[in-house]
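Here is the structure we will look at.
The values are calculated or read from the model by the stated rules, or taken from the named source; none is laboratory data. Computed from a predicted structure; not experimentally measured. Heads up, the Cβs are rebuilt from the backbone with ideal geometry, glycines too, and the neighbour counts pull from every protein chain shown.
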Amino acid sequence: MDRICNFFNLNIQKNILSNMWNSVIVPNKNEHLTPFENNDYINCKYILENISTTNLTYGYDVCLKNGNDSKEMIFKTLKIILPELESDDIEEVLPMLDIKMGFYVDFPDIFDYSVNSAIVSSRGKISSRMIYALFYVYTIKQTIKVPGSILEIGAGTGRTAYYAYKMGFKKYTIVDIKSTGIVQAHYNFNILGEENVSLYGEEYKNQFLTLIPSDNFNEIKEKYDLVVNFDGLTEYGKEQAESYLEHSKELSDLFLSINHTFNEFTINQIAKNIKSSELCDYRLDIPNLIYFKELIILN
């Protein structure tokens, strides 16, 4: 817990830009962040191990007040990965998923991160968000070869990093606001192992996963095979989105985006060279939003 608190307090999150996250989502988390500011390890541990009783994952996971999920929604999402799917028996589906993904697919039960999951299987509790993470990794694999290196902007709980690790990718970096970063750290410490996760400010020793606060994004100098953002870029505000795309040019030649068109701007309005663009309505829990998968050539 000391590593997580040090990471959280290394510098103060600026949050100066006006966007949906800073004005609506982040304030819902503030009541649970004081223990991290005060290095109150006992309360920090309690909060992270009982996360569904808090709003720390509000806005990006099923573990939030009044959250909902359904078996029907999960199976509809599974059909995006497995279009040939006919069975509604999850135990019959899992071996098919293993073959398609190229690894043994499981759903680790880390404390109560999966408390609102709609399906209980022999491999753990399953929520739509977990299937989304599998879909993201499957899409990444269609874009670059394994093993490759990935930088993800805005990663929610960090489930996609876990599945990328199982798929065989060599390096994964997440950039996110700190209130989300502490959740990603705790979740992946317990899944990947603390020795496989590096937090900003620590000495990097070739760990698979590195977590970097969004305020420090422009300090990144490493090269990546792919930069990705799933369901977030059009919600950060146009200025922030353009800034992410601009610095990404120094980090990679490719940027993969899956984002909706509901907000004030779309990806094709801020990206100059889109190699491919296709409809990608995978968020069946919010059918009024129209999503596009777009591959951007950065250089």
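Check region 194-210 and report whether any residue there is in a helix (DSSP H, G or I), in the same structural domain as V227 (by TED's automatic domain parsing), of a type outside the set (F, W, Y) and touching a strand residue (DSSP E or B) at 6+ places or on another chain (Cβ under 9 Å).
Yes, some residue in region 194-210 is in a helix (DSSP H, G or I), in the same structural domain as V227 (by TED's automatic domain parsing), of a type outside the set (F, W, Y) and touching a strand residue (DSSP E or B) at 6+ places or on another chain (Cβ under 9 Å).
Say we look at region 198-216 and pick out the residues that are closer than 26 Å to N259 by Cβ and more than 16 Å from the chain's Cα centre (by Cα); which of these is surrounded by the fewest Cβ atoms within 10 Å (Cβ to Cβ)?
Once the filter is applied, the top-ranked residue is N216.
Check region 250-259 and report whether any residue there is surrounded by fewer than 16 Cβ atoms within 10 Å (Cβ to Cβ) and within 13 Å of I150 (Cα to Cα).
yes
Given the options P35, P83, name the one that is outside the structural domain of F230 (by TED's automatic domain parsing), at pLDDT 85 or above and under 30 Å from G102 (Cβ atoms).
P83
Hey, among T77, T57, which residue is more than 27 Å from Y224 (Cα to Cα), in contact (Cβ under 8 Å) with a residue 24 or more places away in the chain and part of a loop (DSSP other than H, G, I, E, B)?
After ruling out the rest, the residue left standing is T57.
Tell me which strands (runs of 3 or more DSSP E) are completely within region 217-299 and hold 1 or more residues being small (G, A, S), or say none if there are none.
Hits in region 217-299: 254-260, 274-279.
Just the residues that are crowded, with 19+ Cβ neighbours inside 10 Å and either assigned to a loop (DSSP other than H, G, I, E, B) or hydroxyl-bearing (S, T, Y) (or both), please, taken from region 117-131.
S117, S127, S128 - these are the residues of region 117-131 that are crowded, with 19+ Cβ neighbours inside 10 Å and either assigned to a loop (DSSP other than H, G, I, E, B) or hydroxyl-bearing (S, T, Y) (or both).
Which pairs have Cβ atoms under 9 Å, sit 6 or more apart or on different chains, and link a residue in region 247-272 that is farther than 23 Å from D225 by Cβ and without any contact (Cβ under 8 Å) to a residue 12 or more places away in the chain to one that is surrounded by fewer than 18 Cβ atoms within 10 Å (Cβ to Cβ) and among the basic types (K, R)?
Q269/K238
Kindly indicate which of S121, S117 is within 27 Å of G154 (Cβ to Cβ) and outside the structural domain of S257 (by TED's automatic domain parsing).
Exactly one residue qualifies, and that residue is S117.
Of the residues that make up region 88-98, is at least one outside the structural domain of I182 (by TED's automatic domain parsing) and either closer than 28 Å to L48 by Cα or in a loop (DSSP other than H, G, I, E, B) (or both)?
Within region 88-98, one or more residues are outside the structural domain of I182 (by TED's automatic domain parsing) and either closer than 28 Å to L48 by Cα or in a loop (DSSP other than H, G, I, E, B) (or both).
Okay, residues lined up against (1) of a type outside the set (K, R); (2) touching a Pro at 6+ places or on another chain (Cβ under 8 Å); (3) modelled with pLDDT under 95:
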residue: S122; (1), (2), (3): yes, no, no
residue: P147; (1), (2), (3): yes, no, no
residue: I150; (1), (2), (3): yes, no, no
residue: I153; (1), (2), (3): yes, no, no
residue: K171; (1), (2), (3): no, no, no
residue: I177; (1), (2), (3): yes, yes, yes
residue: T180; (1), (2), (3): yes, no, yes
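Identify, by number, the condition in (1) modelled with pLDDT of 95 or more; (2) closer than 30 Å to D253 by Cβ that N190 doesn't meet.
It is condition (2) that N190 fails.
Among the residues of region 165-183, is there at least one that is farther than 15 Å from F208 by Cα, within 11 Å of the chain's Cα centre (by Cα) and small (G, A, S)?
yes
From the list L151, L97, L134, exactly one residue is within 18 Å of the chain's Cα centre (by Cα), without any contact (Cβ under 8 Å) to a residue 60 or more places away in the chain and surrounded by 17 or more Cβ atoms within 10 Å (Cβ to Cβ). Which is it? Steps first, answer last, please.
Details: L151 fails: without any contact (Cβ under 8 Å) to a residue 60 or more places away in the chain; L97 fails: within 18 Å of the chain's Cα centre (by Cα).
Result of the check over L151, L97, L134: L134.
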